[in-house]
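Bear in mind these aren't lab numbers, they're just calculated from the coordinates by the rules spelled out. Keep in mind it's a predicted model, so treat the numbers as computed, not measured. Using ideal geometry, Cβ is built from the backbone for each residue, glycine included, and neighbour counts are taken over all protein chains shown.
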Amino acid sequence: MPELPEVETTRRGIEPHLLNQQVERVVVRNARLRWPIPDDLDVRLSGQRFTKIERRAKYLLLHAEVGTLICHLGMSGSLRLVPHNEPIAKHDHVDIELASGQMLRYTDPRRFGAMLWTTELAAHPLLLKLGPEPLSDDFTADYLHARLQGRKQAIKPFIMDNAVVVGVGNIYANEALFAAGLEPRKAAGTLSKKHCVLLVDEIKRILAAAIEQGGTTLKDFVGGDGKPGYFQQKLFVYGRAGQPCLKCGTVLKEVKLGQRSSVYCTKCQR
């Protein structure tokens, strides 16, 4: 957390307020994130205008006139717009003050996110080896079937690999596998073309639905407007171990795959 829908929700929330806005200054209160915030971020960004706001995988790309600010929300981060006089809270690490009178504030209790600057985005190591976007035309059943040939790895961690497809985090991998009727421990290489069609369709459907609901708020996440997401009300399996399956009533089982919790129905997911 946050996963792709939460990051996309943030992008949509901040984009209308950032485009063509000039940065007055950048205030960094705590530079010790997953990677240190550059010492000269204020110098590089101040005076520039934001020209485009994109998302790639779980990274927010805030394009300025010269260079790009790469933001990652980590496990507990949020990026939201607040007034210039908004009181500072304990975990408010960065403020980007805008000429509009608002600030883009980065908050991260666990400090596992990132805020990096680059003038060579295409060559940045964080973005070089990423797979296709799950909601793009590049992510197809044919593509997935070709990638999983000969793979013995369980299907759940396989679809969570950003080199295969980006942004399918733990919450949505659980939900997509349930919707497709696939057991999370099933060897990826044993999936048929029909399985791949089902799984790709469900990944796309569930991620799109989560974005429309503003993402999933379990603990800390709020969107760019400071509001929580509501997709948690639509969850069928994630976080529901030991509870009855909403489809058949069977008690949901939990296993660990790649150190992540995987919840599934032994009847609905074969």
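The charge dipole of the chain, taken about its Cα centre with unit charges on the Cβ atoms of Lys, Arg (+1), Asp and Glu (-1) only, comes to about 1380 debye. With the biggest extent put first, the Cα atoms of the chain measure 57, 37, 29 Å across the principal axes. Comparing Cα centroids, the stretch 240-257 and the stretch 100-137 end up 34 angstrom apart.
Once both axes come from the Cα atoms, what is the angle between helix 193-212 and the longest principal axis of the chain, in degrees from 0 to 90, rounded to 10? Helix 193-212 sits at roughly 40 degrees to that axis.
Based on every Cα atom in the stretch 12-73, Rg and the maximum pairwise Cα distance Dmax equal 11.7, 29 Å.
For the ranges 120-127, 175-182, what's the packing order if you count other beta-carbon atoms within 10 Å of each residue, average per peptide, and put the highest first?
Averaged packing, sorted descending, gives the order 175-182, 120-127.
When all alpha carbon pairs of the stretch 4-123 are counted in 10 Å bins from zero, the resulting P(r) reads 14, 51, 34, 1 %. Each of ARG240, ARG205 was scored by other Cβ atoms within 10 Å of its Cβ. Listed from fewest to most, they are ARG205, ARG240. Farthest toward the positive end of the dipole of the chain, out of THR140, TRP117, PRO16, is the Cα of THR140, where the dipole comes from beta carbon charges about the Cα centre.
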